[in-house]
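The values are calculated or read from the model by the stated rules, or taken from the named source; none is laboratory data. A quick note: this is a predicted structure, and the numbers were derived from the prediction, not measured. For neighbour counting, all protein chains shown are included, and Cβ atoms are generated from backbone atoms with ideal geometry for every residue, glycine included.
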Amino acid sequence: MTFTVGPRITQQIMKTGSMSSSVHRLWIGSTGLLTRPAIDYYNGDVDKETRKYSAAKTAVKVAITVFNGILTRIVAEKLGIWMVKKGIIQPLSKNLDAVAFANGVATVTSFLATVLTTFTLDIPLINSGLNFTLDKLFPGQRK
Amino acid sequence: MSAQQSLWKQKIAKLAEYDIQHHASLLKWTTLIIWACSLAAEVGTFAANKKLPPKEKSFIIKQELTAGGISLAIMYLLADSFEEAGKRLVDKARLLPGELPPQWRNPDAVRKILKADADFLKTALKGNRAWIEKLVGFRKGVSVVAGTIGTIIAFNITTPLISNKIASYFQNRSLAQKVNMATSSPPSPNTPAHLPSPAPITIPAPVRMPAPLQATPTMPYYRYSPFR
């Protein structure tokens with residue numbers, strides 16, 4: 001049995017084939033903002049107070065990492081495309097689609113930038129963000 | 001086409017060319033590597049933390065590595081199997097663009113179009129490569145969509161559930177060890193000699209953690225895991 005899709009959906013699916021790294025992260029992050037705090041909130045292994053605290057903590061953490069991750073990727077993708085346009089990075093093979101190559105470089109530069117910011121920015125941002133938000137949400141409950 | 005490019009530029013160009021053909025695969029691998037880096041950064045932070053007692057530090061690092069390792073394995077399996085399933089849907093002619101003529105909606109014709117079979121291109125397609133580009137692009141798109149769905153399920157549903165279970169297991173074990181150590185300590189000189197020493201207490205799982213315990217300096221660290 002064959003399922004067929006119409007021309008508009010076909011176009012959308014083909015467009016998704018070159019989905020940028022930032023959009024990919026946006027999809028994962030936005031669904032994570034809904035599901036991950038909910039999973040912590042309904043965690044049956046801990047008491048109600050801990051669940052609330054844990055869900056808030058997860059929501060804050062996911063929001064920070066998603067925001068930071070998407071921003072880093074967008075900037076790095078633009079940098080990658082700029083490097084191709086300026087001829088700083090050139091294709092190794094002949095007859096390559098220039099736009100597809102630039103998008104490929106953008107994926108690679110966004111990956112490299114994200115690895116760098118994971119080690120340099122993520123942990124301090126998460127720690128300070130968590131301290132600030134959770135002190136506001138649960139005053140006096142944290143040491 | 002530049003032979004003068006430095007090595008790092010050549011590596012980036014090579015990866016970018018791989019991305020043109022295998023975008024879903026590169027997205028999957030980069031996501032996995034970023035996760036692994038996130039885990040390494042987290043573990044490194046604990047290892048460098050001088051305020052943590054060595055015993056607690058070792059416990060937290062083990063816990064993080066266990067949860068992280070299992071989560072990474074699950075994420076790879078789910079993302080990879082979804083990506084492959086997406087490709088198979090097109091290869092087996094289960095999901096195709098509606099514009100494709102009915103006589104080509106079978107696995108054999110799809111395989112020939114995707115491989116740009118010379119005979120098929122000459123006879124059936126009459127030299128028109130548009131269908132090849134369309135079907136190759138469609139297959140690539142389906143694999144990216146399927147791989148992203150797999151990643152979302154792994155990242156946002158399976159991993160938090162497993163992390164919660166692992167954290168709860170480690171905490172229960174730690175709590176049971178602490179209680180056992182407290183009860184098996186030597187009797188005080190004031191204890192009458194004829195009284196038997198109490199039996200070790202075992203904690204049945206799952207244990208409902210009392211709220212104050214979560215606020216102690218050693219317990220909440222698992223909450224900072226990159227997999228949560």
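Evaluate the range A:121-136: report whether one residue or more is of a type in the set (Lys, Arg) and in a helix (DSSP H, G or I). Can you show your working first?
From the range A:121-136, those of a type in the set (Lys, Arg) are A:136; that's our starting set.
Checking which are in a helix (DSSP H, G or I) leaves us with A:136.
Yes - at least one qualifying residue is present in the range A:121-136.
Could you list all residues from the range A:92-103 that are assigned to a helix (DSSP H, G or I) and either more than 7 Å from every other protein chain (Cβ to nearest Cβ) or touching a residue at least 24 places away in the same chain (Cβ under 8 Å) (or both)?
Our first condition is that a residue be assigned to a helix (DSSP H, G or I); within the range A:92-103, this holds for A:98-103.
Hits for the range A:92-103 are A:Ala98, A:Val99, A:Ala100, A:Ala102, A:Asn103.
Test A:Asn68 against the stated conditions and say whether it is farther than 15 Å from B:Lys14 by Cα and surrounded by fewer than 16 Cβ atoms within 10 Å (Cβ to Cβ).
On the way: farther than 15 Å from B:Lys14 by Cα: yes; surrounded by fewer than 16 Cβ atoms within 10 Å (Cβ to Cβ): no.
Spelling it out, it is not the case that A:Asn68 is farther than 15 Å from B:Lys14 by Cα and surrounded by fewer than 16 Cβ atoms within 10 Å (Cβ to Cβ).
All but one of (1) part of a helix (DSSP H, G or I); (2) surrounded by fewer than 17 Cβ atoms within 10 Å (Cβ to Cβ); (3) over 19 Å from the mean Cα position of the chain (by Cα) hold for A:Ser54, so report the exception by its number.
Unmet condition: (2).
Just a yes or no: is a residue in the range A:35-52 of a type outside the set (Lys, Arg) and under 17 Å from B:Gly150 (Cα atoms)?
At the first step, the residues of the range A:35-52 found to be of a type outside the set (Lys, Arg) are A:35, A:37-47, A:49-50.
Applying the additional criterion that residues be under 17 Å from B:Gly150 (Cα atoms) yields A:35.
For the range A:35-52, residues of a type outside the set (Lys, Arg) and under 17 Å from B:Gly150 (Cα atoms): present.
Looking only at the range B:25-36, how many residues end up being over 12 Å from the mean Cα position of the chain (by Cα) and facing chain A (nearest Cβ under 8 Å)? Walk me through it before giving the result.
Going residue by residue through the range B:25-36, those that are over 12 Å from the mean Cα position of the chain (by Cα) are B:25-27.
Now drop any that are not facing chain A (nearest Cβ under 8 Å), which leaves B:26-27.
Counting residues in the range B:25-36 that are over 12 Å from the mean Cα position of the chain (by Cα) and facing chain A (nearest Cβ under 8 Å) gives 2.
Conditions (1) in contact (Cβ under 8 Å) with a residue 24 or more places away in the chain; (2) of a type outside the set (Gly, Ala, Ser), marked per residue:
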residue	(1), (2)
B:Ser25	yes, no
B:Ile34	no, yes
B:Leu39	yes, yes
B:Pro54	no, yes
B:Ala67	yes, no
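With respect to B:Ile33, determine if the residue is surrounded by 18 or more Cβ atoms within 10 Å (Cβ to Cβ) and aliphatic (A, V, I, L, M).
Details: surrounded by 18 or more Cβ atoms within 10 Å (Cβ to Cβ): no; aliphatic (A, V, I, L, M): yes.
The answer is no for B:Ile33.
Each row is one residue, and each column tells you yes or no for (1) modelled with pLDDT of 90 or more; (2) more than 30 Å from B:Leu15 (Cα to Cα); (3) of a type in the set (Phe, Trp, Tyr).
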{"residue": "B:Ile33", "(1), (2), (3)": "yes, no, no"}
{"residue": "B:Leu39", "(1), (2), (3)": "no, no, no"}
{"residue": "B:Gly44", "(1), (2), (3)": "no, no, no"}
{"residue": "B:Ile61", "(1), (2), (3)": "no, yes, no"}
{"residue": "B:Arg88", "(1), (2), (3)": "yes, no, no"}
{"residue": "B:Pro97", "(1), (2), (3)": "yes, no, no"}
{"residue": "B:Asn106", "(1), (2), (3)": "no, yes, no"}
{"residue": "B:Phe120", "(1), (2), (3)": "no, yes, yes"}
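Closer than 24 Å to A:Ala100 by Cα and β-branched (Val, Ile, Thr): which single residue out of B:Ile70, B:Ile74, B:Ile60, B:Ile113 fits that description? Please lay out each step first, then the result.
On the way: B:Ile70 fails: closer than 24 Å to A:Ala100 by Cα; B:Ile74 fails: closer than 24 Å to A:Ala100 by Cα; B:Ile60 fails: closer than 24 Å to A:Ala100 by Cα.
Only one candidate passes the filter, namely B:Ile113.
Specify the residue that is nearest to the other protein chains (Cβ to nearest Cβ); the eligible residues are those in the range A:7-66 that are basic (Lys, Arg) and farther than 22 Å from A:Asn127 by Cα.
Initially, the range A:7-66 is screened for residues basic (Lys, Arg), giving A:8, A:15, A:25, A:36, A:48, A:51-52, A:57, A:61.
From what is left, the residues that are farther than 22 Å from A:Asn127 by Cα are A:8, A:15, A:48.
On the way: A:Arg8: 10, A:Lys15: 7, A:Lys48: 9 Å.
My answer is A:Lys15.
Which condition breaks for A:Ala106 when tested against (1) crowded, with 23+ Cβ neighbours inside 10 Å; (2) more than 7 Å from every other protein chain (Cβ to nearest Cβ); (3) farther than 18 Å from A:Leu71 by Cβ?
Checking A:Ala106 against (1) crowded, with 23+ Cβ neighbours inside 10 Å; (2) more than 7 Å from every other protein chain (Cβ to nearest Cβ); (3) farther than 18 Å from A:Leu71 by Cβ, the one that fails is (3).
Examine the range B:167-181 for a residue that is touching a strand residue (DSSP E or B) at 6+ places or on another chain (Cβ under 6 Å), surrounded by 12 or more Cβ atoms within 10 Å (Cβ to Cβ) and either farther than 24 Å from B:Pro54 by Cβ or modelled with pLDDT of 80 or more (or both), and state whether such a residue exists. Outline the logic, then answer.
Let us first name the residues in the range B:167-181 that are touching a strand residue (DSSP E or B) at 6+ places or on another chain (Cβ under 6 Å), namely none.
No, because not a single residue in the range B:167-181 is touching a strand residue (DSSP E or B) at 6+ places or on another chain (Cβ under 6 Å), surrounded by 12 or more Cβ atoms within 10 Å (Cβ to Cβ) and either farther than 24 Å from B:Pro54 by Cβ or modelled with pLDDT of 80 or more (or both).
Which helices (runs of 4 or more DSSP H) sit wholly inside the range B:1-102 and have at least 2 residues that are closer than 24 Å to A:Val84 by Cα? So that I can check it myself, show each step before the final result.
Details: elements: B:7-21, B:23-48, B:54-91.
Helices (runs of 4 or more DSSP H) meeting the threshold: B:7-21, B:23-48.
Being hydroxyl-bearing (Ser, Thr, Tyr) and either loosely packed, with under 15 Cβ neighbours inside 10 Å or touching a Phe, Trp or Tyr at 6+ places or on another chain (Cβ under 6 Å) (or both) is the filter here; which residues of the range B:103-147 pass it?
B:Thr123
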